[in-house]
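First the structure, in the form of structure tokens, and then the observations on it.
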Amino acid sequence: MGRELLRIEHLHKEFEGKTVLDDLSLTLREGEVAVIVGPSGCGKSTLLRCVNALEPVQGGSIFLDGEEIHADPRKLPQLRQKVGMVFQSYELFPHKSILDNITLAPRMVQKRGREDAEAEALALLERVGLADRAKDYPRQLSGGQKQRVAIVRSLIMHPALMLFDEVTAALDPEMVREVLDVLLDLAKQGRTMLIVTHEMQFARAVADRILFLDDGGIVEEGRPLDFFDHPKTERAQRFLNTFTFETVKE
Amino acid sequence: MQALGFEVLWKGKNFARLMGGLWVALRISLIAVGISLVAGVLMGALMTRKNPVVKALTRLYLETVRIMPQMVLLFLAFFGTTRWFGWNLSGETASVIVFALWGTAEMGDLVRGALESIPRHQYESAAALGLDGKQSFLYVILPQTLRRLLPQVINLVTRMIKTTSLVLMIGVVEMLKVAQQIIEANRMKVPNAAFGVYLTVLVLYFLACWPVSLLAKALEKRWS
Amino acid sequence: MNADVLRSYLPLYKEAALLTVRLGVLGIALAFLIGLVCAAVLYCKIPVLRTVVRAYIELSRNTPLLIQLFFLYYGLPKLGIRTTPEACGVSGLAFLGGGYMAEAFRSGMEAIAPIQLESALSLGMTQTQALSAVILPQALTVSFPALMANVIFLMKETSVFSAVSLMDLMFTAKDLIGLYYNTTESLFLLVVFYLLILLPISLVGSLIERRLRYAGAGL
């Protein structure tokens, strides 16, 4: 595994006086896939949003490639290009076609030429099986398709780090698979990813490392097999138990 | 303050006269608002009728009154009807007629919008609870309609107050006319009176309208 | 109604209507710009400036244009600020309209979920890029009916321009009534010319609105 890409030190985050993240530290190496799991409201999504500076923080620091993210707001656009983020609700731009959704940022932010950007966009769409939808508008796509486009829209910026915030939580069950397959493919390519998810089977398959978050801090972390089969802490055991059902009828 | 011409306001009864002028404007708008509220509710009820003739007629009335500048309507009433029908209409009466006609149209449209915005299932769920037609209207439909309507109606009132400034143009002696008279009378001694007096008129109009729009905004926020 | 009278008045009204349209279009264009800037200030919550903008919006929306014009035209010169009647009419209309346009733009922008802005920012866009490429185009669709209503409202408001001795349609009508007493013909042409100006705006507006609603149905 490569050099250190992301370092979070003693992060402290409050919402209106209520502590959401408390003295949280973690590091992520290049090529590493870390999956964050934990009960709802434990601060998982907030953590991702802090990494992308969509939330102000009240203490601690976050370094991306050695540069502190929250230090200078003028540097943010520059830093955010290195971080791709995919949201639960896709957030495609409804007034633009799929192709324009994908090429908007490379052309506007990175000043790439139209042909160059469109060629790469089509190649990426091909890879997620949506090349034939380039001319369509977001409203013509299913949830799973929209989410795959959203992933492509982030990828085209060539980010060093990808953040996935419960990207399958808003999808109908039969569409979850097509999106998770894309994520697995990305992991195979050796991308660095920080993933928040409720899909435990998927977490087990994709992760190099599981981070169990509860009450604003990392309670337990380890390799997926260790965490899922032999959770050390009582809180993690209780959390994992909520995913299993006892048979009630013989 | 000499240079800005505010001091004429304190000479003699000038300020009282100005307030008298404001009252003339407010009186016109109050009477017109009163008529519009009552007639507008009837108008709105008419507009929700399914009858195509009624629908077309009310629509025509609304669009006609709406597309014309109020100044044109004032001219039609003041210069036009006196000529065509031979009656003698004071500027103030003409203003009340025009603003009431206009206010009724706008109010009618607001009432129509509010009535039509209540979703069908509200009527159905009221019926499902065993309320009869009259009860469901009184306890379910009416309160919701009012909540939607009231902020918009109050907004209409501020618009009507502002519009009364136009009556100057058909010779009604209201605040702006009084202001002109005061400035004219002091042309020699206080040459800058136009600045102070017109600014005061502007502020007075603002003070008349602003609290009303604040009320509308507050109600809108509370009930939305 | 006398056809000869109508024919002889026609050129006067045409002249006046052109003035009304010219000043109206100019004032409304400025009002658009002012409204856009003010809405952006409010949306981005820029400190101090936003308080100024709020005060301006309240002032412009709660005072009649006629009084604003009187103050601009007769009051301000006393401070040494001289203006022409035309500049006065245009700036009065822009001052009034800016407040209304700002409110229309603002409510449209606020109707777009903040996470749209965040997703644009997370792609590395600056605040300005995100506003102009992502938020504004969507907000325009939402605001369109309100903006259109403002355009018609402001075009109608130009009818008070005669108060600052601009020879617009109202001025012409009043003048002719006073001079020749041909009330019917004068008023008839007044109505016709205002319809000629206002009806097309209103029709085109509702046409675009219907198309937008259709296009935006699946948004």
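Pick from the range B:209-224 the residues that are open to solvent by less than 20 Å² (accessible area, probe 1.4 Å) and at the interface with another protein chain (Cβ under 9 Å from one of its Cβ atoms): which of them is farthest from C:THR63 (Cα to Cα)? This residue is B:SER213. Taken over the range A:20-38, residues that are farther than 22 Å from A:LEU183 by Cα and surrounded by fewer than 16 Cβ atoms within 10 Å (Cβ to Cβ) amount to 2. For the range A:96-105, a residue qualifies if it is at the interface with chain C (Cβ under 9 Å from one of its Cβ atoms) and either surrounded by 19 or more Cβ atoms within 10 Å (Cβ to Cβ) or within 16 Å of A:GLY144 (Cα to Cα) (or both), and the qualifying residues are A:LEU104, A:ALA105. Scan the range A:38-79 for residues that are modelled with pLDDT of 90 or more and among the hydroxyl-bearing types (Ser, Thr, Tyr) and jot them down. Of everything in the range A:38-79, those that are modelled with pLDDT of 90 or more and among the hydroxyl-bearing types (Ser, Thr, Tyr) turn out to be A:SER45, A:THR46, A:SER61.
Criterion first (assigned to a helix (DSSP H, G or I) and open to solvent by 10 Å² or more (accessible area, probe 1.4 Å)) does B:SER95 satisfy it? No.
Quick check: is even one residue across the range C:69-88 more than 12 Å from chain B (Cβ to nearest Cβ) and touching a helix residue (DSSP H, G or I) at 6+ places or on another chain (Cβ under 6 Å)? Yes - at least one qualifying residue is present in the range C:69-88.
A:VAL149: assigned to a helix (DSSP H, G or I) and of a type outside the set (Lys, Arg), yes or no? Yes, satisfied.
Only one of the numbered conditions (1) at positive phi; (2) surrounded by 17 or more Cβ atoms within 10 Å (Cβ to Cβ) is not met by C:ALA39, and that is (1). Do we find a residue being within 11 Å of chain C (Cβ to nearest Cβ), open to solvent by 70 Å² or more (accessible area, probe 1.4 Å) and within 19 Å of C:SER60 (Cα to Cα) anywhere in the range B:169-182? Checked the range B:169-182: no residue is within 11 Å of chain C (Cβ to nearest Cβ), open to solvent by 70 Å² or more (accessible area, probe 1.4 Å) and within 19 Å of C:SER60 (Cα to Cα).
The condition of being within 25 Å of A:LEU24 (Cβ to Cβ), part of a helix (DSSP H, G or I) and either open to solvent by less than 90 Å² (accessible area, probe 1.4 Å) or acidic (Asp, Glu) (or both) holds for only one of A:PHE243, A:PHE227, that being A:PHE227.
Residues in the range A:40-56 that are open to solvent by 40 Å² or more (accessible area, probe 1.4 Å) and part of a loop (DSSP other than H, G, I, E, B): A:SER40, A:GLY41, A:PRO56. Count of the range C:138-160 residues, restricted to those that are within 30 Å of B:LEU76 (Cβ to Cβ), out of contact with any Leu (no Cβ under 8 Å at 6 or more places or on another chain) and polar (S, T, N, Q), is 1.
Return a yes/no flag: does the range A:58-74 have any residue that is away from every other protein chain (no Cβ under 14 Å) and buried (at least 21 other Cβ atoms within 10 Å of the Cβ). Checked the range A:58-74: at least one residue is away from every other protein chain (no Cβ under 14 Å) and buried (at least 21 other Cβ atoms within 10 Å of the Cβ).
Taken over the range A:128-142, the criterion of being surrounded by 19 or more Cβ atoms within 10 Å (Cβ to Cβ) and either among the polar types (S, T, N, Q) or in contact (Cβ under 8 Å) with a residue 40 or more places away in the chain (or both) is satisfied by A:VAL128, A:TYR137, A:PRO138.
Residues of the range C:74-100 that are open to solvent by less than 50 Å² (accessible area, probe 1.4 Å) and among the aliphatic types (A, V, I, L, M): C:LEU76, C:ALA87, C:VAL90, C:LEU93, C:ALA94, C:LEU96. Hey, does the range B:100-121 have a residue that's of a type in the set (Val, Ile, Thr), within 19 Å of B:ILE31 (Cβ to Cβ) and within 14 Å of chain C (Cβ to nearest Cβ)? Checked the range B:100-121: no residue is of a type in the set (Val, Ile, Thr), within 19 Å of B:ILE31 (Cβ to Cβ) and within 14 Å of chain C (Cβ to nearest Cβ). Taking the criterion of being open to solvent by 70 Å² or more (accessible area, probe 1.4 Å), facing another protein chain (nearest Cβ under 10 Å) and farther than 25 Å from C:PRO85 by Cα, the residues of the range C:162-210 that qualify are C:TYR181, C:PHE188, C:LEU199. One residue alone among C:ARG106, C:ARG7 is among the basic types (Lys, Arg), within 14 Å of chain B (Cβ to nearest Cβ) and assigned to a helix (DSSP H, G or I), and that residue is C:ARG106. Checking each residue in the range C:51-64 for being buried (at least 20 other Cβ atoms within 10 Å of the Cβ), within 8 Å of chain B (Cβ to nearest Cβ) and closer than 18 Å to C:ILE34 by Cβ picks out C:ARG61, C:ASN62, C:THR63. Considering every residue within the range B:52-68, establish whether at least one is assigned to a loop (DSSP other than H, G, I, E, B), of a type in the set (A, V, I, L, M, F, W, C), open to solvent by 20 Å² or more (accessible area, probe 1.4 Å) and within 14 Å of another protein chain (Cβ to nearest Cβ). Checked against the condition, which is being assigned to a loop (DSSP other than H, G, I, E, B), of a type in the set (A, V, I, L, M, F, W, C), open to solvent by 20 Å² or more (accessible area, probe 1.4 Å) and within 14 Å of another protein chain (Cβ to nearest Cβ), the range B:52-68 yields no hits at all. Considering only residues in the range B:125-160 that are open to solvent by 20 Å² or more (accessible area, probe 1.4 Å) and within 11 Å of another protein chain (Cβ to nearest Cβ), the one that is farthest from B:TRP23 (Cα to Cα) turns out to be B:ASN155. For the range A:160-200, the set of residues classified as over 23 Å from A:THR242 (Cα atoms), within 14 Å of another protein chain (Cβ to nearest Cβ) and open to solvent by 10 Å² or more (accessible area, probe 1.4 Å) consists of A:ALA160 only. Suppose we filter C:THR158, C:THR128 for residues that are polar (S, T, N, Q), open to solvent by 50 Å² or more (accessible area, probe 1.4 Å) and assigned to a helix (DSSP H, G or I); which single one remains? On inspection, the qualifying residue turns out to be C:THR128. Does B:ARG187 count as open to solvent by 20 Å² or more (accessible area, probe 1.4 Å), more than 8 Å from chain C (Cβ to nearest Cβ) and touching a helix residue (DSSP H, G or I) at 6+ places or on another chain (Cβ under 7 Å)? So B:ARG187 does not fit the description; no.
The values are calculated or read from the model by the stated rules, or taken from the named source; none is laboratory data. All of these numbers come straight from a predicted model, not from anything done at the bench. Every residue, glycine as well, gets a Cβ built from its backbone with ideal geometry; the counts of neighbours run over all protein chains shown. All accessible areas refer to the heavy atoms of the entire protein, side chains included, with ligands and DNA or RNA removed. Shrake-Rupley method; radii C 1.70, N 1.55, O 1.52, S 1.80 Å.
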